[in-house]
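The structure appears right after this line, and notes come after that.
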Amino acid sequence: MLKRLAGVFLLASLLLVGQSTPVTTSQPAVAADNRPLPSWAKSATIYEVNVRQYTSQGTFNAFKKHLPRLKTLGVKVLWFMPIHPISEARRNGSLGSPYAVADFKAVNPEFGTSADFKNLVKYAHSLGFKVVLDWVANHTGWDNVWINNSGWYTTLNGQIQPPNQDWLDVADLNYSNADMRAAMIDAMKYWVTNFDVDGFRCDYANGVPTSFWEEATTQLDAIKPMFMLAESENVADELVHAFNGNYSWSLLSRMNGFGNSGGDASYFTNTLDSFNYNYPNGSFPMTFITNHDQNSWNGTEYERLGAYVKRFSALYFTVPGMPLIYSGQEVALNRRLQFFEKDQITWRSSNMTAFYQKLIKLKKNNAALWNGSAGGEFIQYDGTNPNVLTFTRQKGKSKIIVAINLTASKATTRIDTGSAFKGSYFDYQTGKAVKVTKSTVTLSVPASSFTIYSTTKAN
């Protein structure tokens, strides 16, 4: 049973009041069968690496020097945008899209050599990171080494076709061809066997039959347990045996929409409800406010979310899911990076670094925020103030209470959590100890801010 009750939190003190009336809804559950999550991923935050734009050199060796900094930031999983050679035929811009792959078993010379990448993976592993490759299984570039293989591509009147009329720089693969499917799996295994990568972020995953992903992951898991992330929101089948997680585009859309037009807490209700009933047990969404697509094509988080960047960051780090940090997000990158050209990120001092570091620590330290079935139950609350978004999570003795103030003024509301959330907490913002002694409390949240009570400290 999903409960939605009332809620918001106090920076300073708790005021005890009478009971509020809970509102409850029930939702159908998805089948509880799912692929296992590697143990190292249970509390992980993922970090997307845009090698081309990361440094002036744009190489693996240059990026390698940033790994100690990223270790201090606290991220666990390094997701590398495609590292393969880029097709020259029909390419966009002068450098082309990394998603127009010319050879699945080679490295883009722009980034370095295969030996450079192998050494990077080895060094990353020595620091405790896991490495995930971006894998483009739906299509290839037009001069891919496979392009002349008969029957490997979708054709019309004998002509190889693009996936759609917007992606003219790539050619659509034919998944009815068994030889092509086998070659694709072989290419994925190549990077696990020879480079020891730990998983794959699968581009446009819903453009490829689920049966292929299930076959691929079965073979990959036989080498070592894989972390598999789908660029898709097709929950029902892909998250059963093929993938551990997918994209929470629906939450991103809600945040973008709110940043554009505003609203109240009910604007998020249905989307957040879906985390409880839309995912097979153990699976989860990847949550985010920016990535390479959002930054380059839809605008930075500051363009889309404005004054809500910090509040929505707190939101996407504490709802069920594995949070994502994109290259430069941790230093408040406030510029759209060109996608088909060299456009270096400017690394600078920023208070956002400490901001995200603290959120990552909170996730690591509080098991209620862990990923999949390792994390805690998620409960929303309808409060007396509709402008405060409130929820709790609990995993055993690990508990968290979150309140997001959606206004530019101090907000107060009432919440009834029942007896389960009585106890001792730390105020995330101040580090001070807080006691919750009653099931019903009246709490206040500062203007344009959020409050988090956690049974564990974030620092």
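Which is surrounded by fewer than 17 Cβ atoms within 10 Å (Cβ to Cβ) and modelled with pLDDT under 95, of Asn276, Asn234?
The match here is Asn234.
Scanning the stretch 149-204 for residues that are in a loop (DSSP other than H, G, I, E, B) and of a type in the set (Phe, Trp, Tyr), which turns out surrounded by the most Cβ atoms within 10 Å (Cβ to Cβ)?
Top of the filtered list is Trp152.
With Gly263, Gly282, Gly259 as the choices, which residue is modelled with pLDDT under 95, in a loop (DSSP other than H, G, I, E, B) and more than 26 Å from Ala41 (Cα to Cα)?
Gly263 is the lone residue from the list that is modelled with pLDDT under 95, in a loop (DSSP other than H, G, I, E, B) and more than 26 Å from Ala41 (Cα to Cα).
When you look at Lys105, is it basic (Lys, Arg) and crowded, with 20+ Cβ neighbours inside 10 Å, yes or no?
no
From the list Ile289, Ile360, exactly one residue is at pLDDT 95 or above, assigned to a loop (DSSP other than H, G, I, E, B), under 18 Å from the mean Cα position of the chain (by Cα) and among the aliphatic types (A, V, I, L, M). Which is it?
Answer to the check: Ile289.
Kindly provide the set of residues from the stretch 45-60 that are in a strand (DSSP E or B) and β-branched (Val, Ile, Thr), ordered by number.
Listed by number, the residues that qualify are Ile46, Val49.
Can you tell me how many residues in the stretch 224-256 are under 19 Å from Pro209 (Cβ atoms), aliphatic (A, V, I, L, M) and assigned to a helix (DSSP H, G or I)?
4
Mind telling me which of the residues Asp198, Asp237, Asp186, Asp172 ends up being touching a residue at least 24 places away in the same chain (Cβ under 8 Å) and closer than 30 Å to Asn119 by Cα?
The match here is Asp198.
Out of everything in the stretch 209-223 that is in a helix (DSSP H, G or I) and β-branched (Val, Ile, Thr), what residue ends up being surrounded by the fewest Cβ atoms within 10 Å (Cβ to Cβ)?
Thr218
Considering the stretch 413-435 alone, what residues qualify as being within 21 Å of Asn459 (Cα to Cα) and either aliphatic (A, V, I, L, M) or at pLDDT below 90 (or both)?
Ala433, Val434
In the stretch 368-378, is there at least one residue being aromatic (Phe, Trp, Tyr) and over 24 Å from the mean Cα position of the chain (by Cα)?
No: zero hits.
Of all residues in the stretch 304-349, which are closer than 25 Å to Ser43 by Cα and in a loop (DSSP other than H, G, I, E, B)?
Selection gives Val319, Pro320, Gly321, Ser327, Gly328, Ala332.
The values are calculated or read from the model by the stated rules, or taken from the named source; none is laboratory data. These figures come from a predicted structure and were not determined experimentally. Here the Cβ is made from the backbone with ideal geometry for all residues, glycine too, and neighbour counts use every protein chain on show.
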